[in-house]
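Heads up, the thing below is written out as structure tokens.
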Amino acid sequence: MEVSNAFTDSIKQVLTIIGNGLFDERVLEFVAVKLNGSSYSFVLPSLPIDRKTGLAALESLLVLLDKGVKVKVSMFFIDKEHVKSSENIEDWLKAHGFHIVRSRVLGRRAIMYVLMRGNKQVRLYIALSGRRRSVEEDIATLYGLVYKRRIKADKARLKGKNLKELISKASYKDVEKSFSGLARIIKEVESGRAFKEL
């Protein structure tokens, strides 16, 4: 699985929205490579709007849909601190013109929604990072599994090479356990279920 910036309306691409910053994009890139699958890809498109964080980052999905881009599958990767409950997500979606056709909990940190907005249908996956707060908690968990010693989550903001090295050194199982929401969605995408008719 790869991460790219070129969204071509392909049936093999997942439009990806990051609810935090560039660091989380790097985490997604390294985890997706580690949990490598077939020919699907996550796409982080460049948009003509200001970068937003939290649930407001979902506005990029609105912009693309309103521009007529055919988005079939999207993933929203966000720190848990921005989402108190699934009701927060659902309230935001409804307030922005989405009708929730159905939803399915895929795990403690992964949810799937089938949405309609006008005549456009999209499958939206939500991957929550962090046990309580942020992706740094997931990194701290992985660090503990790989090096057999604990670090505090606030110290887990590993930079570039160190983050890549940690994820590369970790076993598939340890990455899957540490980033459980993201890993569950990657499995769903790689199985092809994400792209089956709704």
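The values are calculated or read from the model by the stated rules, or taken from the named source; none is laboratory data. All of these numbers come straight from a predicted model, not from anything done at the bench. Cβ sites come from the backbone with ideal geometry, for glycine too, and all protein chains shown count toward neighbours.
What the table below lists for this structure:
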quantity: Close pairs (8 angstrom Cβ cut-off, 6 or more residues apart or separate chains): surrounded by fewer than 13 Cβ atoms within 10 Å (Cβ to Cβ) in region 97-119, small (Gly, Ala, Ser) anywhere; calculated: Val105/Ser86; Arg108/Ser180; Arg108/Gly181; Gly118/Gly97
quantity: Test set (1) in contact (Cβ under 8 Å) with a residue 40 or more places away in the chain; (2) under 28 Å from Tyr40 (Cα atoms); (3) outside any helix (DSSP H, G or I) - Arg132 fails condition number; calculated: (2)
quantity: The listed residue being over 13 Å from the mean Cα position of the chain (by Cα), of a type in the set (A, V, I, L, M), within 20 Å of Gly192 (Cα to Cα) and at pLDDT below 95, out of Val114, Val71; calculated: Val71
quantity: Failed criterion for Met75 (all others in (1) farther than 28 Å from Asp174 by Cβ; (2) touching a residue at least 60 places away in the same chain (Cβ under 8 Å); (3) buried (at least 20 other Cβ atoms within 10 Å of the Cβ) hold); calculated: (1)
quantity: Residue in region 59-67 that is surrounded by 20 or more Cβ atoms within 10 Å (Cβ to Cβ) and free of Cβ contacts under 8 Å to residues at least 24 places away in the same chain present; calculated: no
quantity: Hits in region 79-96 (condition: outside any helix (DSSP H, G or I), surrounded by 18 or more Cβ atoms within 10 Å (Cβ to Cβ) and of a type outside the set (A, V, I, L, M, F, W, C)); calculated: Asp79
quantity: Pairs where the first residue, in region 16-41, is in contact (Cβ under 8 Å) with a residue 40 or more places away in the chain and under 20 Å from Val71 (Cβ atoms) and the second is of a type in the set (Val, Ile, Thr) and surrounded by fewer than 16 Cβ atoms within 10 Å (Cβ to Cβ), C-beta under 8 Å, 6+ apart; calculated: Gly19/Thr53
